[in-house]
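The structure appears below as structure tokens.
The values are calculated or read from the model by the stated rules, or taken from the named source; none is laboratory data. Predicted model only: the values in this text are computed from it and were never measured. Backbone-built Cβ (ideal geometry, glycine too); neighbour counts: all protein chains shown. Protein only, heavy atoms only, side chains kept; ligands, DNA and RNA dropped before computing areas. Shrake-Rupley method; radii C 1.70, N 1.55, O 1.52, S 1.80 Å.
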Amino acid sequence: MGDFWAIYILWLRDLKRFWYDKSRIIASFGQPILFLFVLGTALSPSFSGPGGINFSEFIFPGIIGMTVLFTAMFSSVSIIWDREFGFLKEVLVAPISRWSIVAGKTLGGSTVAMLQGTLMLFFAPIVGAKLSFLIILESMISMFLIALMITTLGIVIAARMKEMEGFHVIMNFIIMPLFFLSGALFPLDKLPSWLSILTRIDPLTYGVDLLRYVMIGVSEFPVMINISAIFGFIILFFAVAVFEFGISD
Amino acid sequence: MTAIQVINLKRKFAQFTAVDSISFNVEEGEVFGFLGPNGAGKTTTISMLCTLLRPTSGSAIVSCFDVTHKPTEVRKNIGIIFQDPSLDDRLTAEDNLKFHGYLYHMDPKDIKERIPEVLNLVELYDRKSDFVRKFSGGMKRRLEIARGLMHRPKILFLDEPTIGLDPQTRSHIWNYILRMRTEHKLTIFMTTHYINESEICDRIAVIDQGKIKDLDTPANLKQKYGEKTLEDVFLKITGREIRQQEGESSWMQWMRRS
């Protein structure tokens, strides 16, 4: 019971910080807008997508996946800040279990990332994507699953990082490759085999593919493969994260 | 009743013995001062008593529970004011207290009632909705004390609670702490570098190089060493040589290791 409240309050903390910091919510639209409208418009004439969809519409789920990726990753990497500026101590000395700390942080970061991704749906009419209540609901569930996967991965990384300097390393060697290899910006079916293999190792690939299926009805892999892969990654990353947090002294 | 019982407590880091088989008792309701130069083993000892660091050998019973075997029970019964700030400054004062209440399994109704109580104690009630990042160093410290008392601990650990604060704030902070002690029979275990502040302690232990050099009441210590102030007693026991200054507090080092 105590663990339940601990998870709740760690979740609420991330939500409150998200809500209080409205400038950050607005700022995080900047990059997706550039991709969606500049890149989307520029490459549209030379793109022939499956079922006659235009390039903007094709990359729309990918750009939402990117938004979720960035928000979820930053949220879990904030553990490094908490370590540096002390709040993590307050959590670590509380009479709560280690797994509930990881669970609270994961749920908090994932909810925030899902909300940020959902806000992106406001651009749907501009890119020409059709939305219904069911599509919005399914998209939100997909975003939440992607976010769970990325947040737990972020915690695994953050638990090993002791210094803020490591942040740029995370940005360049984890976030950007995850994004570029995920098929967010290009179809996965005509790739040379070396690139094809890399895209299949990227956890985000399955998330973007699921989101693309839900939003515009095209996908590279069957839905069950996507969902199974996502759950597999979540369980794996969560277990490693709990293990890492369990090691004290 | 004994609040803290320490028996041959030892902690080694690789080759270095930070705390070397120390033993002492702290009685319930006592204000116990733990003094020593930098690197003497103060924070390592506190970390072990607060279940943040496992002893290499020996044992410590805090509030009737063993720190190695019943860490969760120990944590429920103690409050800690850290040497470095540990508030979430992106949240309000009230948020920070509420979060603490939930982390310590308090009843939501109890949390609501308790927040004004502890905020009034440290005279911050009118700032409850302000973000902590707008607070001065002294206000943050007062808020941390309020937070440490939120869950009604039986023992309060204070690791340099007045460091970097002006004399006015320092005297206020000691007033709150002493009031808590008389009103709630709180046991207080504190470290400080302002040696003369430890006049308020019932007993003082002086630790150096991981060993307890002496343990007695302030009056007895002054008499024994023939000095007028505790500062002089402290210098007599530990010598006048400057210790190697730590670049950062031991808490931070602990955080990095974990």
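A few notes on this one:
- Scanning chain A for trypsin sites (Lys or Arg not before Pro) in DSSP loops with at most 15 neighbouring Cβ atoms within 10 Å leaves A:1-129 as the longest stretch between them.
- By accessible area with a 1.4 Å probe, ligands and nucleic acids excluded, highest first: order of B:Leu158, A:Leu15: A:Leu15, B:Leu158
- Counting heavy atoms of the protein chains alone, A:Phe173 has an accessible area of about 150 Å² for a 1.4 Å probe.
- Size of charge dipole - the stretch B:129-180 - debye, nearest 20, with Cβ of Lys, Arg +1 and Asp, Glu -1, no other charges: 200 debye
- Note on the protein assembly as shown: helix-only mean residue ellipticity at 222 nm, from DSSP H runs of 4+ residues weighted -39500 (n - 2.57) and normalised by residue number, equals -17000 deg cm²/dmol.
- Within the protein assembly as shown, DSSP assigns beta bridges of which about 55% are antiparallel (rounded to the nearest 5).
- Folded to 0 to 90 degrees: helix A:2-20 orientation relative to chain A principal axis, Cα: 60 degrees
- Kirkwood-type hydrodynamic radius, the stretch A:1-76: 14.8 Å, calculated from all non-identical alpha-carbon pairs.
- What the phi angles of the stretch B:86-95 give under the Karplus curve with 6.51, -1.76 and 1.60, with θ = phi - 60°, is a coupling list of 9, 8, 8, 7, 8, 10, 7, 4, 4, 4 Hz, glycine and proline written as x.
- Think of each Lys and Arg Cβ as +1 and each Asp and Glu Cβ as -1; about the Cα centre, that makes the dipole of the protein assembly as shown roughly 160 debye.
- In terms of its C-alpha gyration tensor, the stretch B:57-195 has an oblate overall shape, because the principal axis ratio a/c (a ≥ b ≥ c, square roots of the eigenvalues) is not below 1.5 and a/b does not outweigh b/c.
- Cross-link table A:Lys105/A:Lys162; A:Lys22/A:Lys130; B:Lys12/B:Lys213; A:Lys105/B:Lys70, entries beyond 22 Å C-alpha to C-alpha: A:Lys22/A:Lys130; A:Lys105/B:Lys70
- 9 Å beta-carbon shell around A:Val112, net charge (K/R +1, D/E -1): 0
- With eigenvalues of the C-alpha gyration tensor scaled by 5 and rooted, the stretch B:193-235, Å: 15, 11, 10
- Each residue of the stretch B:58-73 was assigned a 3J(HN,Hα) from its phi angle through the Karplus expression (A = 6.51, B = -1.76, C = 1.60, θ = phi - 60°), giving x, 9, 9, 10, 10, 6, 6, 10, 6, 5, 7, 9, 10, x, 5, 5 Hz with x at Gly and Pro.
- Interface burial for A against B (accessible surface, 1.4 Å probe, total of both chains, Å², rounded to 100): 3100 Å²
- Whole-Hz ³J(HN,Hα) from phi, Karplus 6.51 cos²θ - 1.76 cosθ + 1.60, for the stretch A:113-119, glycine and proline x: 5, 5, 5, 4, x, 5, 4
- Using alpha-carbon coordinates, inclination of helix A:55-84 to the longest axis of chain A, degrees: 10 degrees
- Simple label model, 7 Å out from Cα along Cβ direction - B:Asn38 to B:Glu117, nm: 4.0 nm
- Prolate/oblate/rounded label for the stretch A:88-226 (Cα gyration tensor, a/c 1.5): oblate
- Part-to-part distance (alpha-carbon centres) for the stretch B:27-82 and the stretch A:109-129, which is given in Å: 49 Å
- Along the axis of the charge dipole computed for chain A (Cβ charges of +1 for Lys and Arg, -1 for Asp and Glu, origin at the Cα centre), the listed residues A:Met140, A:Phe58, A:Thr199 are led at the positive end by A:Met140.
- Overall shape of the protein assembly as shown was characterised from the C-alpha gyration tensor. The equivalent ellipsoid obtained from it has semi-axes of 53, 23, 19 Å, in decreasing order.
- Accessible surface of B:Tyr194 - all protein chains present, 1.4 Å probe, nearest 10 Å²: 70 Å²
- Farthest toward the positive end of the dipole of chain B, out of B:Gly29, B:Val118, B:Val62, is the Cα of B:Val62, where the dipole comes from beta carbon charges about the Cα centre.
- Per-residue surface analysis assigns A:Tyr20 an accessible area of about 80 Å², computed on protein heavy atoms at 1.4 Å probe radius.
- Principal-axis tilt of helix A:203-216 within chain A, Cα atoms, nearest 10 degrees: 50 degrees
- Taking a Cβ cut-off of under 9 Å around B:Glu27, the surrounding Lys, Arg, Asp and Glu residues balance to a net charge of -2, with basic ones at +1 and acidic ones at -1.
- Local electrostatic count, A:Tyr206, Cβ distance below 12 Å [Lys/Arg +1, Asp/Glu -1]: -1
- All lysines inside 19 Å of B:Lys109 as judged from Cα atoms, apart from same-chain residues fewer than 8 positions distant: B:Lys76, B:Lys98, B:Lys128
- In plain terms, the C-alpha convex hull of chain B casts an average shadow of 13.8 nm² when viewed from every direction.
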